[in-house]
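Since every read-out is calculated from the coordinates, none of them should be taken as a lab result. Quick caveat, the model's predicted, so the values are computed rather than measured. Cβ placement follows ideal geometry from the backbone for every residue including glycine, while neighbour counts extend to all protein chains displayed.
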């Protein structure tokens, strides 16, 4: 389902008229990649996929024509310093996995495993498409 | 590495750790020692970052591929007909 969603999104991007600039099209494809990951049936129940979809929608709602979409929102979550039993590296992981900041440590590990599987599948899909259509 | 008592058993935690380790590619798995949560998390973070970079790179290359569809080559026709839904 992840693959189908991505292919449909690619088809929409390909049909767009007028043809977008390369950088804009790259952004659209990247957006479609992450959206497909979040929409795959296995992951739609996951915290990371909801957080990712939320982030993607926020980016889409920004004023068009903005080249830099870096905008950090400070969210109130459980302070990280109150988790002394975690390995130090867990903080970096929390920043990498969408929605990771608010998760319990054991949930974080589960969500990470699921997120990595979806990421891998997406990368393999995109590579396969490139190989298939490149001469 | 301690676990939250009563919330998840050490055995369940170890299973999660093993699962994460299995998701790493072979080359990265070798960097992680046995039952070393710290190294595993470090390697997993590094792996996720590299996957993000790959998505960026592949998006760029797919975009270039689509650019070739702007002309009237036979290849472009085939790609267009395959993606038409």
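Relative contact order of region B:10-84: what whole-number percent is it, with Cα pairs under 8 angstrom and at least 6 residues apart?
Values: 27 pairs, mean separation 13.0, N = 75.
The normalised contact order for region B:10-84 reaches 17 percent.
For region B:10-84, the ratio of Cα radius of gyration to the globular rule of thumb 2.2 N^0.38 Å stands at 1.77. A simple spin-label model places the labels of residue B:68 and residue A:19 1.3 nm from each other, with each point 7 Å out along Cα-to-Cβ.
When A:29, B:78, B:48 are sorted by how many other C-beta atoms sit within 10 angstrom of their C-beta, beginning with the fewest, the order is B:78, B:48, A:29. Summarising the label geometry, the points placed 7 Å from Cα in the beta-carbon direction at residue A:131 and residue B:53 lie 2.1 nm from one another. Here residue A:120 and residue B:77 are evaluated by their C-beta separation; at R0 = 35 Å the FRET efficiency comes out at 0.60.
By count of other Cβ within 10 Å, fewest leading, how are A:37, A:1, A:103, B:69 ordered?
A:1, B:69, A:103, A:37
Arranged from fewest to most other beta-carbon atoms within 10 Å of their beta carbon, B:19, B:49 become B:49, B:19.
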